[in-house]
Amino acid sequence: MQKQKKKSIRKRIILLFVSIFVLTFIVNTYLYYNLNQAISRIDNVYSSNIKLNDFNENLDHIQTQLYEYLNTKNSEALENYYVYESDYRELIKNLNQKPTDNVNKLMEKNIYEMSLTYLEKTSNTIEAKRGRNISKYKEGYLKSKELYGYLQANINSLNETVFLYNAHNYSVLREILNYILVFSVVILTIIMIMAIFWGIIMTRNITKPLVELA
């Protein structure tokens with residue numbers, strides 16, 4: 001009889017600790033997953049603005065190196081131009097290229113098409129300079145400079161629109177993150193209270209027979 005009681009008590013204690021451990025593990029895993037998702041989304045919120053800033057920076061480099069080459073015919077400036085041109089072509093591949101009703105996507109399409117025209121114009125201008133066709137490369141430079149101004153204006157406009165949209169998303173994600181944090185504290189507090197309550201009941205069940213026996 002005594003052995004059966006010992007086994008029963010031992011089973012209850014083991015069951016208590018295992019249940020608390022399993023429940024805590026499940027809750028922590030769930031909360032960790034959701035927190036990770038929220039943080040990841042927050043980190044990615046302004047990535048589109050960073051990409052648009054890269055567009056502007058690369059575009060500046062192309063125009064600067066083009067101007068330098070046309071004025072000095074410096075081979076280093078020409079090499080730099082081709083490097084930045086190649087990088088810019090890779091960047092515009094990620095822009096939308098299809099007709100759409102979405103304003104931002106439509107702006108991307110316009111930037112893409114304008115970029116192709118701009119790169120073609122700068123390339124022709126360099127060829128004219130290498131062929132010593134003064135009137136053609138001067139005309140090409142003025143046209144490329146004009147396109148450069150339009151591109152900058154469009155990229156900045158899109159960047160501002162995307163920034164406002166991302167700012168709204170950021171505030172929403174911050175609210176979700178705060179909700180998850182509060183929810184995690186509440187759940188873990190409930191688990192702790194349940195564990196204490198369960199522990200008190202088991203302690204009473206263990207000590208009651210001993211008190212009665214005494």
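The values are calculated or read from the model by the stated rules, or taken from the named source; none is laboratory data. What you see is a predicted model, and the numbers here were worked out from it, not measured in a lab. Please note: Cβ atoms are built from the backbone with ideal geometry, for glycine as well, and neighbour counts cover all protein chains shown. The accessibility values were calculated without ligands, DNA or RNA, using every heavy atom of the protein model including side chains. Shrake-Rupley method; radii C 1.70, N 1.55, O 1.52, S 1.80 Å.
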#### Entry: All-pairs Cα distance distribution in segment 56-118, expressed in whole percent, bin size 5 Å
4, 19, 24, 19, 14, 10, 6, 4, 1, 0
### Farthest positive-ward along the chain dipole, Cα basis, beta-carbon charges - from Trp198, Asn169, Ser135
Trp198
### Task
Quick one: plug the Kirkwood hydrodynamic radius of the chain (C-alpha pairs) into Stokes-Einstein at 10 °C, 1.306 mPa s, and report D in µm²/s.
69
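At 1.4 Å probe size, with every protein chain present, just tell me what the per residue accessible area of the chain comes to in Å². Walk me through the numbers on the way to the answer.
Details: 14820 Å² over 214 residues.
I get 69 Å² per residue for the chain.
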### Summary
Per GNM of the chain with C-alpha springs under 10 angstrom, the most fluctuating residue out of Ile180, Ile62, Ile190 is Ile190
### Tilt relative to the chain, helix 134-213 - C-alpha long axis, 0 to 90 degrees, to 10
0
### Task
For segment 79-177, give the magnitude of the charge dipole about the Cα centre (Cβ charges: +1 Lys/Arg, -1 Asp/Glu; no others), in debye to the nearest 20.
420
### Query
Where the accessible area of the chain is counted over protein heavy atoms with a 1.4 Å probe, how much of it, in %, is carbon and sulfur?
59
### Task
Would you mind computing, in nm to one decimal, how far apart the modelled labels at Leu188 and Asp54 are, each placed 7 Å from Cα along Cα→Cβ?
3.7
### Query
Which aspartates and glutamates does Lys11 reach when only Cα atoms under 18 Å apart count, and residues fewer than 8 places away in its own chain are ignored?
none
### Message
As a test question: what accessible area, to the nearest 10 Å², does Ser75 have when a 1.4 Å probe is rolled over all protein chains in place?
### Response
80
### Length-normalised contact order for the chain - Cα pairs under 8 Å, 6+ apart - percent
29
### Query
Once the Cα atoms of helix 47-72 and of the chain are each reduced to a long axis, what angle between those two axes, in degrees from 0 to 90 to the nearest 10, is obtained?
20
### Query
Using a cut-off of 17 Å between alpha-carbon atoms, which aspartates and glutamates can reach Lys138, once sequence neighbours fewer than 8 places away in the same chain are excluded?
Glu68, Glu120, Glu127, Glu146
